[in-house]
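**Q** Pasting a structure here, questions to come.
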Amino acid sequence: MVGRQGVSNEININQIDINQIQKVEIVEGPMSVVYGADALAGVINIITKNRSSEKLSLQAKVQEETVGSEYSPFARRGTHIRSVSGNYGVNNWNIGAGFSQNNFGGWQGEETGRQKEWLPKDQNFVNLKAGYLKEDLSIDYQVDYLNETVFSDGTDARLEVIDQEYATNRWMHRINGQWDSSDKFALNWQGGFTNYTRNTKTRVTNVRTGENYLSKAPDSQSSIDYNGFSWRILGQMKINSKFKLQPGIDLNLESGSGERITQNEGIQDYAAFLSAKWSPTESIQIKPELRKSYNSAYEAPVVIPSINTKFRLNEYLSLRLAYAKGFRAPSIRELYFNFFDASHSITGNPDLKAETSHSINTSLDWNKELSEEWKIGAVLGGFYNSVDNRIAYGQDPTDIQITTLFNVENYKTAGATFSYNHRYKNFSGNLGFSYIGRYNQLTEQAVLVPDMSWTPEVNTNLSYTHAPWKTAFTLYYKMTGSLPGYETIIDSEGNAAATEILLDGYQLNQ
């Protein structure tokens, strides 16, 4: 899918219909060869629901939530979610349709008068899908439509109040399929086309007369339009029982236009990659990968390599080691998008450089089954990432009132993680700990942050499943420690320097 950030991974997941999601999986380890941009240290994969195995199925849901203490079932207070969907299967065909609605009344918070801390919004989702399945061939097509309106009421005034509406329309076409030619070769393909438009309307209301009209101020009315196309083909080749190959082609195209986007020719990214899996013994797996990319706006590295390995040390213990190089070109939004209104002054930066990066990951996994009803396990992990020319937001050095994008010459993260899980009969629990550090170097001439800034985090959960009721009861707890950071100041001699700041930690209980 494509958003205002283009086809990069900065997608507003609030614009995905939650009723279409089957599960979310996290794949750790370098994935930049197969998945491209931003997959240096892993992938968060949002998996939509598969076709229904029933000949006929219907489903309806209603969900009502308070927002703090604010709620009304028939007014714009609280959250109101409704959905209905159905599937019908005949012979080798399956068709389905669904409609969802999400009305959020916003939240007043500490604001007074007409303004809200969280803005109200209305969302309507529609989806249609069709699929064909045979023994060696499957094809699925789905189209999704989203209409979203976000309401931003202005501050109280004696003469005129100024309100804004942000209206989004998104079309997403998706197709995927698989052809099993033989037990040694299979072909997978997946493609998508997204059209995304957003219109901003600014309205003025005369407090005395009630007259309402569109504002004529500069940039008060605007629209943007994005198109994104992606296509991926994967081959699965089994050479023998110990060696497999996965060749692939990956295409990503984006274009954008509108009053707030300067003239551009769009960006195209084409890539071919090859992944191999070699298992010389039952205890060793080695997966080397290579990716060759062409970007229409930036020069990509000659080749992008990665390697993932797994060593089974004994019946209970396994070791994973991985390395990958990454490359990410800026999106159209980062290069050309300009946004100025009463509360925003943001410009794109057409002089941005592309990011390049290196990532190292390792983990030690221990799992033991004490009995059929009693299982325990633990994972100790570590990682190190180094990103050159990381794209980030900051103040424009020529005008500190304007926010723009710039390249951080060197950005690093490192850390250690530990998790322990325990399952006994109907009880299960998990305890996790991480200690993560971050480092920024703006330029070689001015190293503003000399050391890593470290933050601890603890999370745990305990769950009990009552089988007769098919119901699970779960308690969650998470603690994030204080987050050290730095801000730029001017010292007594007029030079830029860094001073440490500390963001408060927080806790979550559910």
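The values are calculated or read from the model by the stated rules, or taken from the named source; none is laboratory data. Being a predicted model, the structure only gives us computed values, none of them experimental. With ideal geometry, Cβ positions are generated from the backbone for all residues, glycine too; neighbour counts draw on all protein chains shown.
**Q** For the stretch 53-148, please list each of the strands (runs of 3 or more DSSP E) lying entirely inside it that holds at least 1 residues being modelled with pLDDT of 90 or more and within 24 Å of the chain's Cα centre (by Cα).
**A** Strands (runs of 3 or more DSSP E) meeting the threshold: 79-90, 93-104, 121-133.
**Q** Just checking, how many residues over the stretch 255-284 are closer than 15 Å to Arg232 by Cβ and of a type in the set (Gly, Ala, Ser)?
**A** Counting residues in the stretch 255-284 that are closer than 15 Å to Arg232 by Cβ and of a type in the set (Gly, Ala, Ser) gives 3.
**Q** How about the stretch 328-354: which of its residues are hydroxyl-bearing (Ser, Thr, Tyr) and without any contact (Cβ under 8 Å) to a residue 12 or more places away in the chain?
**A** Scanning the stretch 328-354 gives a single hit, Ser343.
**Q** In the stretch 57-76, what residues are among the aliphatic types (A, V, I, L, M) and either touching a Lys or Arg at 6+ places or on another chain (Cβ under 9 Å) or farther than 26 Å from Glu110 by Cβ (or both)?
**A** Residues satisfying the conditions are Leu58, Ala60, Val62, Val67.
**Q** Do the conditions hold for Asn349, that is, is it in contact with a Leu (Cβ under 8 Å, 6 or more places away or on another chain), modelled with pLDDT of 85 or more, of a type outside the set (Val, Ile, Thr) and surrounded by 20 or more Cβ atoms within 10 Å (Cβ to Cβ)?
**A** Against the criterion (in contact with a Leu (Cβ under 8 Å, 6 or more places away or on another chain), modelled with pLDDT of 85 or more, of a type outside the set (Val, Ile, Thr) and surrounded by 20 or more Cβ atoms within 10 Å (Cβ to Cβ)), Asn349 does not qualify.
**Q** Against the condition touching a residue at least 12 places away in the same chain (Cβ under 8 Å) and assigned to a strand (DSSP E or B), how does Tyr166 come out, does it pass?
**A** Yes; evaluated as a whole, the condition is true for this residue.
**Q** What are the residues in the stretch 273-302 that are touching a Lys or Arg at 6+ places or on another chain (Cβ under 9 Å), loosely packed, with under 14 Cβ neighbours inside 10 Å and modelled with pLDDT under 90, if any?
**A** The one that is touching a Lys or Arg at 6+ places or on another chain (Cβ under 9 Å), loosely packed, with under 14 Cβ neighbours inside 10 Å and modelled with pLDDT under 90: Val302.
**Q** If you scan the stretch 21-50, which residues turn out to be under 24 Å from Ser85 (Cα atoms) and among the β-branched types (Val, Ile, Thr)?
**A** Correct list: Ile21, Val24, Ile46, Ile47, Thr48.
**Q** Just the residues that are over 18 Å from Trp107 (Cα atoms) and either in contact with a Cys (Cβ under 6 Å, 6 or more places away or on another chain) or in a loop (DSSP other than H, G, I, E, B) (or both), please, taken from the stretch 149-163.
**A** Within the stretch 149-163, Ala157, Arg158, Leu159 qualify.
**Q** Counting only residues that are out of contact with any Asp or Glu (no Cβ under 8 Å at 6 or more places or on another chain) and farther than 30 Å from Leu380 by Cβ, how many does the stretch 297-329 have?
**A** 7
**Q** Being touching a Gly at 6+ places or on another chain (Cβ under 6 Å), in contact (Cβ under 8 Å) with a residue 24 or more places away in the chain and farther than 22 Å from Glu334 by Cβ is true for just one of Ser357, Ser419. Which residue is that?
**A** Exactly one residue qualifies, and that residue is Ser419.
**Q** Hey, another quick one. Looking only at the stretch 281-328, count every residue that is in contact with a Ser or Thr (Cβ under 9 Å, 6 or more places away or on another chain), over 19 Å from Pro247 (Cα atoms) and either of a type in the set (A, V, I, L, M) or in a strand (DSSP E or B) (or both) and tell me the total.
**A** Residues flagged as in contact with a Ser or Thr (Cβ under 9 Å, 6 or more places away or on another chain), over 19 Å from Pro247 (Cα atoms) and either of a type in the set (A, V, I, L, M) or in a strand (DSSP E or B) (or both) within the stretch 281-328 amount to 14.
**Q** Kindly indicate whether any position in the stretch 116-133 is loosely packed, with under 14 Cβ neighbours inside 10 Å and of a type in the set (Ser, Thr, Tyr).
**A** If we filter the stretch 116-133 for residues that are loosely packed, with under 14 Cβ neighbours inside 10 Å, which is where we start, we get 117, 128.
Then drop every residue that is not of a type in the set (Ser, Thr, Tyr), which leaves none.
No, the conditions are met nowhere in the stretch 116-133.
**Q** Checking Ser359 against (1) farther than 30 Å from Ile304 by Cα; (2) surrounded by 18 or more Cβ atoms within 10 Å (Cβ to Cβ); (3) among the small types (Gly, Ala, Ser): exactly one of these is not met. Which one?
**A** For Ser359, the exception is condition (1).
**Q** Give me a count of the residues in the stretch 239-261 that are surrounded by 15 or more Cβ atoms within 10 Å (Cβ to Cβ) and not hydrophobic (A, V, I, L, M, F, W, C).
**A** 11
**Q** Test of understanding: among Asp219, Asp225, which residue is under 23 Å from Tyr336 (Cβ atoms), among the charged types (D, E, K, R) and over 24 Å from the mean Cα position of the chain (by Cα)?
**A** The match here is Asp219.
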